[in-house]
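What follows draws every value from the coordinates through simple rules; no lab data is involved. The model shown is predicted, which means the values in this text are computed figures rather than measured ones. When we count neighbours, we look across all protein chains shown, and the Cβ atoms used for this are built from the backbone with ideal geometry, even at glycine.
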Amino acid sequence: MMNKKVKMIVLIVSLLVIVAILFGVGFCIYKKSEEKKKSLNTPEEVLSAYSKYINDKNYNDAYELLSQESKNNISKEDFIQKNEDIYGKLSLQDFEVTNVSIENKDYDNSKVSYSAKLTTSFGEIKYDDKIDVKKQDDKKYYINWNYGTIYPELEKTDKIDIKKNYAKRGSLIDRNGTLLAGGGYIASVGLVPGWMNAETKTQDIAKIAELLGMSVENVNKKMSASYVKDDTFVELSTISKDSQTLLMSLKEIDGVKIKDIASRTYPAGESAAHLTGYVQKANAEDIKNNSQYDENSVIGRTGLEKVYEDRLKGKDGYEISIVDEKGNSKKTILKTEKEDGENIKLTIDAEIQKTVYDTYAGENSATVVMNPKTGEILALVSTPSFNPNKFIIGMSSQEWNELSNNSNNPLYARFLRSYAPGSSFKPVTGAIALQTGALTADTELEASGTSWQKDNSWGSYFITTLKTYASPTNLANALINSDNIFFAKTALKIGAQKMEEQLKNIGFENDIKFEMGLAKSQISNQGKFASEVQLADSGYGQGQILLNPVHFASIYSGFVNDGNMIMPYLEYKENREVTYLKENAFSKETADTIKNDLIQVVESPEGTAHPGKIEGVTIAGKTGTAETKGAKGENAKEIGWYNAFIADPNSQKQLLIVSMVENVENKGGSIFVVNKVKSIFQKIM
């Protein structure tokens, strides 16, 4: 047990430590206070210190630079609150004082003139002013502060008023000037109580509720609001002006009034929904993160509306004034003119876009239509789709749930993703083999029937192909007959290292420069071939190879452009210089060999794409069917591909189409896609 003497010593030591700590804290506070006062020896220094505190929004310390007379006129709490109100509303970012000049410098009371520049989120506010400083008993200078110190002519009850002049959001238009997203009108549907038929009112409200997808209770709630009078227009819903049948039915009901209101609209509707995206009202988080938005702003949420947000939204104009307590303007301190958003012209052709959409409506698909000579994307379509106008006019919770929970994922922009390419990848393997010297156009590989494995080290795993064919077993015949085994052997001849190098050289495992973010095309989940079997499977587009459709279109463009892969793009530019995603991806000889072989895939009666032959047009193409795992207990699913292009360099129309359709296992596989693409060619050529 500790004796009393030891306890006393411990207690005294503890008290001394506490006293020392308190003394240290007090000394630090004193030192800090003295350090602050050291800079108050001249009028210039006190003004410099004050402006720094304002710049740092440190209104607490700024208050300590006020003269005692000023402190008697305003409490610290009121001082802090007034500064926070004014500078906070201006969203002050920087406060700078220059051109400081002193009058009566040798006297205890001096007048300091200066120029101030306030950098705010609305622009720069500049003014010249004078401020009185006074030397107090401690021989330091302090500011004789008044409300005009915040801004000249500001008085105690004055406030800052900000009027916003909203910029007009720019439009998205197609290459021919057709509107894809922009200003238009929607129909505002409402009731005027005094116009209703008293005898049929109950039945009429029930009918209106049914037509608008509302509950009777909700309609009655809106109609019974305190502000509603007999001549009041009570808005119930907004609907698209395209809904003419619905509008006519509503107009037949007594009391219904329909008004046109300006709104963002998407005339192409479902056909371009994933491309244009949509806007929505800015939410609290948007407003918090960007002072340019308020509760009346709209912001691009998806698609090109989001990609081009900064250019489309323009710049709002502002008039910032000092107003008195009654709201009367006393002085305008900043006025900026609005700058309307840009109108952005796209390479898209709205008619081709709709043609592709109509062709695939009801399917799970992604299609790219491109000019392979220029890189212009003429159509970029994902199905199923959704109506972007619904996000403007509003949708019920039931409509949203049906859309967001749909197993076919209509909100999913499939052209941005990547997929197993199946046999449509074989021309790429062939091109790499020619490029690396793994084989030549004349190289024959031993025929192996419809089932093959390299050796017994593969255990029970065999690569299969659908049919045998007459020799020679060379590149051309392997492409015409879509021989899995030939391309598995070819991949092994190339070797894992060279295959990886060549794939990365043409964009695999890399981000592709494009206006919309594309999923990377991948070699495998690990970015390399994990085994010999995986390499062999990858040779014919299985394994873990994944390709993005836009990237795939660029690769195929190399067979059109003497081996140069075109750079795909969406924003239209007159006389734009042709640029390449990868120059010399393949040699001209390699590109020509693959192109000529792909012509035969279509032209030859044995070719897998022969049903895609169009009389009078030279088409080159390659089909592909990739197996993917089905859900538990289900059979494997199939993805069908058809990549095709006009192979005549003198054709007036240069078109390349890459098309992918999910779940074709019971629709004829890739031939289902071939027939779709053929019909698109015939309609747009």
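In a DSSP loop and with at most 13 other Cβ atoms within 10 Å, the trypsin sites (Lys or Arg not before Pro) in region 313-377 are Lys326.
Couplings 3J(HN,Hα) of region 126-140, computed from phi: 10, 7, 10, 8, 10, 9, 8, 10, 9, 8, 9, 4, 7, 6, 9 Hz, in residue order, whole Hz [Karplus 6.51 cos²θ - 1.76 cosθ + 1.60, θ = phi - 60°; x for Gly and Pro].
Calculated from DSSP H runs of 4 or more alone, at -39500 (n - 2.57) each and per residue, what is the 222 nm mean residue ellipticity of the chain, nearest 500?
On the way: 23 runs with 230 residues, N = 685.
After summing the helix terms and dividing by the residues of the chain, the value is -10000 deg cm²/dmol.
Which FRET efficiency value, to the nearest 0.05, is calculated for Glu583 and Glu444 with the Förster distance at 30 angstrom and r the Cβ-Cβ distance?
On the way: r = 32 Å, r/R0 = 1.07.
E(calc), rounded to 0.05, equals 0.40.
Short to long, the 5 Å bins of the Cα pair-distance histogram for region 172-336 hold 1, 7, 12, 14, 12, 12, 13, 12, 9, 5, 2, 0 percent of all pairs.
In this label model, Lys76 and Gln497 are separated by 7.3 nm, measuring between points 7 Å along each Cα→Cβ vector. Run a plain Debye calculation on the chain (Cα atoms as equal point scatterers, no solvent) and give log10 I(q)/I(0) at q = 0.10 Å⁻¹, rounded to two decimals, same order as the q list. Reported log10 I(q)/I(0), two decimals: -0.97. Please give the helix 426-436 orientation as an angle from the longest Cα principal axis of the chain, in degrees from 0 to 90, rounded to the nearest 10. Taking the Cα atoms of the chain, the angle to 426-436 is about 90 degrees. Diagonalising the gyration tensor over the Cα atoms of region 598-685 and scaling each eigenvalue by 5 before taking the square root yields semi-axes of 28, 12, 10 Å, largest first. Over region 354-684, Cα pairs under 8 Å with separation of 6+ residues give a relative contact order of 21 percent. For region 354-684, the percent of C-alpha pairs falling in each 20 Å distance bin, counted from 0 to the bin holding the largest distance, reads 32, 58, 9, 0.
For region 590-652, which GluC sites (Glu not before Pro) pass both filters: DSSP loop (anything but H, G, I, E, B) and at most 11 other C-beta atoms within 10 Å? It would help to have the intermediate numbers written out before the result.
Values: sites: Glu603, Glu606, Glu615, Glu627, Glu634, Glu638; in loops: Glu606, Glu615, Glu634.
Listed in order of number, the matching sites are Glu615, Glu634.
Loop only per DSSP, at most 13 neighbouring Cβ atoms within 10 Å: give me the trypsin sites (Lys or Arg not before Pro) in region 435-496, ordered by residue number. Each step should come with its number before you reach the end.
Working: sites: Lys454, Lys467, Lys489, Lys493; in loops: Lys454, Lys467.
Filter output for region 435-496: Lys467.
Restricting to Cα pairs below 8 Å that are 6+ residues apart, what does the relative contact order work out to for region 38-156? Please round to a whole percent.
On the way: 192 pairs, mean separation 31.0, N = 119.
It comes to 26 percent, rounded to a whole number.
With the gyration tensor restricted to C-alpha atoms of region 348-487, the semi-axes of the equivalent ellipsoid amount to 43, 21, 12 Å, longest first. Any chance you could give the angle, 0 to 90 degrees and rounded to 10, that helix 350-360 forms with the longest Cα principal axis of the chain? Compared with the principal axis, the helix lies near 60 degrees.
For an R0 of 30 angstrom, estimate the FRET efficiency from the Cβ-Cβ distance between Ser404 and Asn218 and round to the nearest 0.05. About 0.85, to the nearest 0.05. When only C-alpha pairs under 8 Å and at least 6 residues apart count, what is the relative contact order of the chain, in percent? This gives 10 percent for the chain.
Among Tyr412, Tyr87, which comes first, second and so on when ranked by fewest other beta-carbon atoms within 10 Å? If you can, show how the numbers build up before the last one.
Values: Tyr412 16, Tyr87 21.
Ranking Tyr412, Tyr87 by Cβ neighbours within 10 Å, fewest first, gives Tyr412, Tyr87.
The angle separating the long axis of helix 496-505 from the principal Cα axis of greatest extent in the chain is about 60 degrees.
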